[in-house]
Amino acid sequence: MAVFVASILAIPLGTLVAINEFPGKRFLQQLLNTLMAMPTVVVGLLLYGVLSRQGALGDLGLLYTQWAVVLGECLLILPIILNLTVTAIQSADSRLLPTLLTLGANHWQLIMMVLSETRFAIMTAIVTGFGRAISEVGAAMMLGGNIEGFTRTMTTAIALETNKGEFEFGLALGILLLTIAFLVNYGLLLLQRKGI
């Protein structure tokens, strides 16, 4: 869910940032580079403050819910997908935008053609965000509370089982998580080979 929401927001924003020039663009890109390395516990701490009873959104009762975990992971991976989308579009053939403009493409057509030409790099950005989301522990633990059957994720379950001394079970969960990541990446490879 976090990857879906972050992608819906980040890809259009990244496209607009990449194809337009505006004051502060370099600063924005530097900020995105910094946010890509933001520790997960910092995201968890900031959102915990906002979602707690005394926080700005405390009345919504989101803390220790699945939505809090989704929100935390979404904020964590949004800069990653956004920055990699900007980089993918800026790395495309430099003749692409001038050619589309010369051919009379309107703004919507320009965006769609740019996204079509950079789709594999953007899919890689999404998979990178997915990798960060499924490996996240800190924010999920702080915002979800690791409640069994409700907000426990595989990574928080691994941490819990390891702390209890159940190394074999923790390792089995880790192997399952790696298998999921492998299958997602393999699916991306198949899509690239087919040229979709």
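So the values come out like this:
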read-out	value
Test: residue in region 55-63 that is part of a helix (DSSP H, G or I), under 24 Å from Ile126 (Cβ atoms) and touching a helix residue (DSSP H, G or I) at 6+ places or on another chain (Cβ under 8 Å)	no
Inter-residue pairs, beta-carbon under 9 Å, first loosely packed, with under 12 Cβ neighbours inside 10 Å and in region 34-63, second in a helix (DSSP H, G or I), 6+ apart	Thr34/Pro79; Pro39/Gly138; Arg53/Asp59; Ala56/Gly49; Ala56/Val50
Region 94-151, residues that are in a helix (DSSP H, G or I) and among the charged types (D, E, K, R)	Glu117, Arg119, Arg132
Tally of residues being farther than 29 Å from Ile122 by Cα, assigned to a helix (DSSP H, G or I) and not aliphatic (A, V, I, L, M) across region 152-196	7
Unmet criterion (only one of (1) surrounded by fewer than 11 Cβ atoms within 10 Å (Cβ to Cβ); (2) not in a helix (DSSP H, G or I)) for Phe27	(2)
Conditions (1) touching a Phe, Trp or Tyr at 6+ places or on another chain (Cβ under 6 Å); (2) touching a residue at least 24 places away in the same chain (Cβ under 8 Å); (3) within 25 Å of Leu63 (Cβ to Cβ); number of the one not met by Met141	(1)
Residue count for region 98-149, restricted to those that are in contact with a helix residue (DSSP H, G or I) (Cβ under 7 Å, 6 or more places away or on another chain), aromatic (Phe, Trp, Tyr) and surrounded by fewer than 19 Cβ atoms within 10 Å (Cβ to Cβ)	1
Subset of region 153-169 [among the small types (Gly, Ala, Ser) and surrounded by 15 or more Cβ atoms within 10 Å (Cβ to Cβ)]	Ala157, Ala159
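Readers should treat all values here as calculations from the given coordinates under stated rules, not as data from a laboratory. Being a predicted model, the structure only gives us computed values, none of them experimental. Every residue, glycine as well, gets a Cβ built from its backbone with ideal geometry; the counts of neighbours run over all protein chains shown.
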